[in-house]
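Notes follow once the structure below has been shown.
The values are calculated or read from the model by the stated rules, or taken from the named source; none is laboratory data. None of the values given here were measured: they were computed from a predicted structure. Counting neighbours? That spans all protein chains shown, and the Cβs are built from the backbone with ideal geometry, glycine included.
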Amino acid sequence: MNYKRLLISLIAFSIASNAYAAALPDDCAQLIVALAPDWNAVHGRLYLLDKIGGKWRANAGPMPALFGKNGLAWGSGIVGQDEPGLRKHERDGRAPAGIFRIGEVFTYDAALPPGADYPFHQVTEADVWSDDPRSPNYNRHIVIDPRNPPDNYSHEKMRGGDFAYRWLIEIRHNSDPPVPGDGSAIFFTFVVE
């Protein structure tokens, strides 16, 4: 697998149609597309697409995809925030639907896989993601003193100690700027073999 290609893509979590293709930035040449059969689906299919000669072509897939435990709801990204229907909210158990940019890569490892070139951060016990709508750091990566963690705001540890957290790619949902309560800590995870 070409990890560089995977990491420089946009993410599209949606019950997608070609109508949203016009919203993609002109310089977008790769996509990760996850398709769900309906809004309450927990499982779907994932495809990697390349833009070749102005047309989108599947490069890989289908592969199994896992969404939120309650399915999907419209999120805030390049596409999603203005769509009618169910909206993503904090702790609703739903993955955001829409088109999103990819943010930073967070990993337990000291380096990305060979050939990969993308901004990344090696996580430690001090790395957390703020998921508390009351926090001024809501939906942001922050570094804390793990020996003396703040007790006034909730957050998610980014070094969970299991394979599911070894590689996290930030999905830029509700990021520019974050709206308190509209959902936080949305990541794409995968297993590197």
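Here are some notes:
- At least 2 residues being charged (D, E, K, R), surrounded by fewer than 19 Cβ atoms within 10 Å (Cβ to Cβ) and out of contact with any Cys (no Cβ under 8 Å at 6 or more places or on another chain) is the threshold, and among the strands (runs of 3 or more DSSP E) wholly inside region 105-193 those reaching it are 155-157.
- Under the condition of being of a type in the set (S, T, N, Q) and either closer than 20 Å to G103 by Cα or under 17 Å from the mean Cα position of the chain (by Cα) (or both), the residues counted in region 113-159 number 5.
- Residue check for R57: over 16 Å from the mean Cα position of the chain (by Cα) and over 19 Å from G77 (Cα atoms): yes
- Enumeration of residues in region 26-49 that are part of a strand (DSSP E or B) and either buried (at least 18 other Cβ atoms within 10 Å of the Cβ) or out of contact with any Pro (no Cβ under 9 Å at 6 or more places or on another chain) (or both): Q30, L31, I32, V33, A34, G44, L46, Y47, L48, L49
This table checks each residue for (1) charged (D, E, K, R); (2) over 28 Å from V79 (Cβ atoms).
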{"position": "A111", "(1), (2)": "no, yes"}
{"position": "W129", "(1), (2)": "no, no"}
{"position": "N152", "(1), (2)": "no, yes"}
{"position": "E156", "(1), (2)": "yes, no"}
{"position": "F188", "(1), (2)": "no, no"}
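- Criterion applied to V79, V33, V105 was being touching a Phe, Trp or Tyr at 6+ places or on another chain (Cβ under 8 Å), modelled with pLDDT of 90 or more, within 25 Å of S184 (Cβ to Cβ) and β-branched (V, I, T), and the one residue passing it is V105.
- Residues of region 74-124 satisfying the condition of being under 13 Å from N174 (Cα atoms) and aromatic (F, W, Y): W74, F100
- When region 80-104 is filtered for residues that are more than 14 Å from the chain's Cα centre (by Cα) and assigned to a strand (DSSP E or B), only R87 remains.
- For region 79-95, a tally of residues being surrounded by 19 or more Cβ atoms within 10 Å (Cβ to Cβ) and within 15 Å of D176 (Cα to Cα) returns 2.
- Pairs meeting the criteria (first residue in region 15-31 and under 15 Å from Y47 (Cβ atoms) and hydroxyl-bearing (S, T, Y), second residue modelled with pLDDT of 70 or more and part of a loop (DSSP other than H, G, I, E, B), beta carbons under 9 Å, at least 6 apart or on different chains) are Y20/I78.
- K69 satisfies every condition listed in (1) surrounded by 14 or more Cβ atoms within 10 Å (Cβ to Cβ); (2) closer than 18 Å to I171 by Cα except (1).
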